[in-house]
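Worksheet: one structure, shown below.
Values quoted throughout were computed directly from the atomic coordinates according to the rules given, and no laboratory measurement underlies them. Fair warning: this is a prediction, and the values are worked out from it, not measured in the lab. Note that each Cβ is placed from the backbone with ideal geometry, even for glycine, and that neighbours are counted across all protein chains shown.
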Amino acid sequence: MKSFHPTVRTLMGPGPSDVYPRVLDALARPTIGHLDPQFIVMMNEVKEMLQYAFQTTNELTFPVSAPGSAGMECCFANMVEPGDKIIVCSNGVFGIRMKENVTRCGGIAVMVEDTWGEAVDINKLEQALKDNDDAVIVAFVHAETSTGAISDAKALVALAHEHDCLTIVDAVTSLGGSELRVDDWNIDAIYSGTQKCLSCVPGLSPVSFNKAAQDKISNRESAVQSWFLDLNLVMGYWGQNTTRSYHHTAPVNSLYALHESLVLLQEEGLENSWKRHDENHQALKAGLEALGLSYVVHEDDRLPQLNTVTIPEGVDEAEVRKRLLNEFNLEIGAGLGALAGKVWRIGLMGYASRKENVILCLSALEAVLGDMNANINKGVALDAAMVAWS
Ligand SMILES: *Cc1c(COP(=O)(O)O)cnc(C)c1O
């Protein structure tokens, strides 16, 4: 065996996204003890910067030491007690995973199903809340990465609260890329990931819980089934006024990386980051549509950081992705679940949301599709993108 040296790729799929060079540098800094006073200062800064990213003053805000799926599990394992009725709005892959979490925690999942590619329908949620007045939590995905649709988190949370339900929100793909205001929108429990619009390495999951969520957790009759994710135990390590007792060994260097990506987010400004994601999406969209591809999601519900587009007639979509990777070092995503084989998912997340990536993607796609004799419009995509930016 020899050392492993991966090729440098441009990551424009559904995650992980391109990692900031400064974040990769931070990873290589010396490992110190996870109870070292210097490390504890850094942990507090990570918490503070996550509060900024989430737009919250929630004390219980920290990164779970595992990927976004573990943040999901952390929210459900702590918030759901056996017998609890949970309304899950599902419009893609991650809504289905929420249901799995509910039932494995002993909860009863009431599903509100929406068509893949559409936002969560607030009227259907309202009907479900009326039909199930014993429900205690509403859960939904803010930005559905499997389809590229964004839902109106503010309105869904407000409606849930009118019916005395708490809320669990998946913000894995929205955090840092789309407007998200945990306190203003009154979100009770939320989880995200580091490898999408934060452009950090995969493997950490920022979470945040407000007072109402904490009360639900501390009033539990049964212990949280997961030892690792039990917030009562984790807070002995991540809590504010604790003496930081050992719970698990934090992924020290990954946390340096998260710290650096959050410094980058602060330097840019959260709202500027949302704006950049939108502007580069507009340019990519103009170019893809000029090529002749069309969007699956209606314009009003489109996620700027995840562009789901149709594949030209008769084109072997897997072959296109393979050629983009092998000939241009460019990764784009395939369709997932109900959309498998029918669409491409092109990500513009975090550091990957840059002008040069938009141009690379449009020109490489045009070159490969042209070479495969696909029915596309040649020579117009780059101009369309430039017009969108100007
Ligand atoms: C990526 C993603 C997850 C899972 O995150 P991992 O880091 O892959 O575990 C959950 N929800 C959504 C909406 C995602 O896009």
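Need one word for the range 84-153: rounded, prolate or oblate. Basis is the Cα gyration tensor (sqrt eigenvalues a ≥ b ≥ c); a/c below 1.5 gives rounded, then a/b vs b/c decides. Could you put the intermediate results ahead of the total?
Numbers: a/c = 2.42, a/b = 1.32, b/c = 1.83.
Judged from the Cα gyration tensor, the range 84-153 comes out oblate (a/c at least 1.5, b/c at or above a/b).
Structural descriptor for the range 270-389: relative contact order 39 percent, calculated from alpha carbon pairs under 8 angstrom and at least 6 residues apart.
Out of the range 142-227, which GluC sites (Glu not before Pro) are coil in DSSP terms and have no more than 10 other C-beta atoms within 10 Å?
On the way: sites: Glu144, Glu162, Glu179, Glu221; in loops: Glu179, Glu221.
Counting only loop positions with at most 10 other Cβ atoms within 10 Å, the GluC sites (Glu not before Pro) in the range 142-227 are Glu221.
What does the C-alpha gyration tensor say about the overall shape of the chain? Classify as rounded when a/c is under 1.5, otherwise prolate if a/b is larger than b/c, or oblate. Before the final figure, lay out each step's value.
Numbers: a/c = 2.04, a/b = 1.33, b/c = 1.54.
The shape class here is oblate.
Between Asn377 and Ser222, the contour length at 0.36 nm per residue exceeds the alpha carbon distance by 49.7 nm. Taking the number of Cβ atoms within 10 Å of each Cβ as an exposure proxy, the fewest-first ranking of His142, His277, His161 is His161, His277, His142.
Distance from the Cα centre of the range 29-45 to that of the range 107-163, in angstrom? Comparing the Cα centres of the range 29-45 and the range 107-163, I get a distance of 39 Å.
Within the range 1-102, which trypsin sites (Lys or Arg not before Pro) sit in a loop by DSSP and count at most 11 neighbouring Cβ atoms inside 10 Å? Display every interim value, and only then the final one.
Details: sites: Lys2, Arg9, Arg22, Lys47, Lys85, Arg97, Lys99; in loops: Lys2, Arg9.
For trypsin sites (Lys or Arg not before Pro) across the range 1-102 that sit outside H, G, I, E and B with at most 11 neighbouring Cβ atoms in 10 Å, the list reads Lys2.
Most simply put, the chain has about 50% antiparallel DSSP beta bridges, counting only bridges with both residues inside it. Cα centroid separation, the range 187-220 to the range 295-348: 29 Å.
Grab the beta carbon distance between Ala367 and Asp183, set R0 = 51 Å, and tell me the FRET efficiency rounded to 0.05.
Numbers: r = 47 Å, r/R0 = 0.92.
Plugging the Cβ-Cβ distance into 1/(1 + (r/R0)^6) gives 0.65.
For the range 141-222, the gyration tensor built on C-alpha atoms gives an oblate shape. Its axis ratio a/c (a ≥ b ≥ c) is at least 1.5, and a/b is not larger than b/c. Calculated mean residue ellipticity at 222 nm for the chain: -13000 deg cm²/dmol, from DSSP H runs with n ≥ 4 weighted as -39500 (n - 2.57), summed, divided by the residue count and rounded to 500. Expressed in units of 2.2 N^0.38 Å, where N is the residue count, the Cα radius of gyration of the range 270-389 is 0.99. Going by neighbour counts of Cβ atoms within 10 Å, the residues Phe76, Phe54, Phe39 line up, fewest first, as Phe39, Phe54, Phe76.
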